[in-house]
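This report refers to the structure that appears directly beneath it.
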Amino acid sequence: MSDDFRVGRQIEVTGSIFAQYVYFDYLVSSVIWHLLNLKKDLGMMITGNLDIQPKIDMAIEIAIYKGELADIQKKLTTFKNSTVDCESIFSKRNQIVQGLSFDFGDGIERDSNNPPKKSTELSIEYYDKVHDEICEVNHDMVL
């Protein structure tokens with residue numbers, strides 16, 4: 001596989017992973033808005049600045065409190081419990097979307113906020129695996 005094709009494929013899958021993650025965030029936010037009977041614009045003000053983990057917690061707690069959406073509550077609880085370790089979908093997503101330290105060959109690392117590290121490259125198969133995992137989570141949430 002040529003470097004140009006590999007880089008192009010990484011960019012394509014990274015964009016899709018990012019979009020799928022944003023969609024998951026939107027789905028969780030929508031659960032909160034629905035449970036609280038909020039219009040989208042007001043709901044966005046309430047959930048917009050929350051990271052995904054607090055949103056999941058909020059959606060679960062409100063569903064329990066209101067005794068509604070037991071199926072969604074169960075899915076979110078299962079998902080939350082499966083993402084506790086460092087290999088969680090959040091960590092994988094961050095690793096791909098935010099990137100790893102990368103040495104451009106001239107010995108100068110481009111991320112000046114971190115000390116130099118050994119360059120690591122993720123395989124296309126890893127990108128595809130993470131993409132498939134987050135798509136599966138979204139699919140499960142919608143069904």
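The values are calculated or read from the model by the stated rules, or taken from the named source; none is laboratory data. Predicted model only: the values in this text are computed from it and were never measured. Reconstructed Cβ throughout: ideal geometry from the backbone, glycine too, with neighbour counts over all protein chains shown.
For segment 30-39, the candidate set comprises residues that are over 21 Å from the mean Cα position of the chain (by Cα) and part of a helix (DSSP H, G or I); within that set, the residue that is surrounded by the most Cβ atoms within 10 Å (Cβ to Cβ) is Leu35. Residues that are at pLDDT 85 or above and surrounded by 11 or more Cβ atoms within 10 Å (Cβ to Cβ): does segment 113-125 have at least one? Looking through segment 113-125, at least one residue is at pLDDT 85 or above and surrounded by 11 or more Cβ atoms within 10 Å (Cβ to Cβ). A count restricted to segment 40-54 and to residues that are assigned to a helix (DSSP H, G or I) and buried (at least 16 other Cβ atoms within 10 Å of the Cβ) stands at 3. Please indicate, with yes or no, whether at least one residue in segment 69-76 is surrounded by fewer than 17 Cβ atoms within 10 Å (Cβ to Cβ), part of a helix (DSSP H, G or I) and either among the hydroxyl-bearing types (Ser, Thr, Tyr) or touching a Cys at 6+ places or on another chain (Cβ under 6 Å) (or both). So far as segment 69-76 goes, no, none of its residues is surrounded by fewer than 17 Cβ atoms within 10 Å (Cβ to Cβ), part of a helix (DSSP H, G or I) and either among the hydroxyl-bearing types (Ser, Thr, Tyr) or touching a Cys at 6+ places or on another chain (Cβ under 6 Å) (or both).
Within segment 9-23, not a single residue is more than 20 Å from His131 (Cα to Cα), part of a helix (DSSP H, G or I) and not aliphatic (A, V, I, L, M). Count of segment 65-98 residues, restricted to those that are at pLDDT below 80 and acidic (Asp, Glu), is 2.
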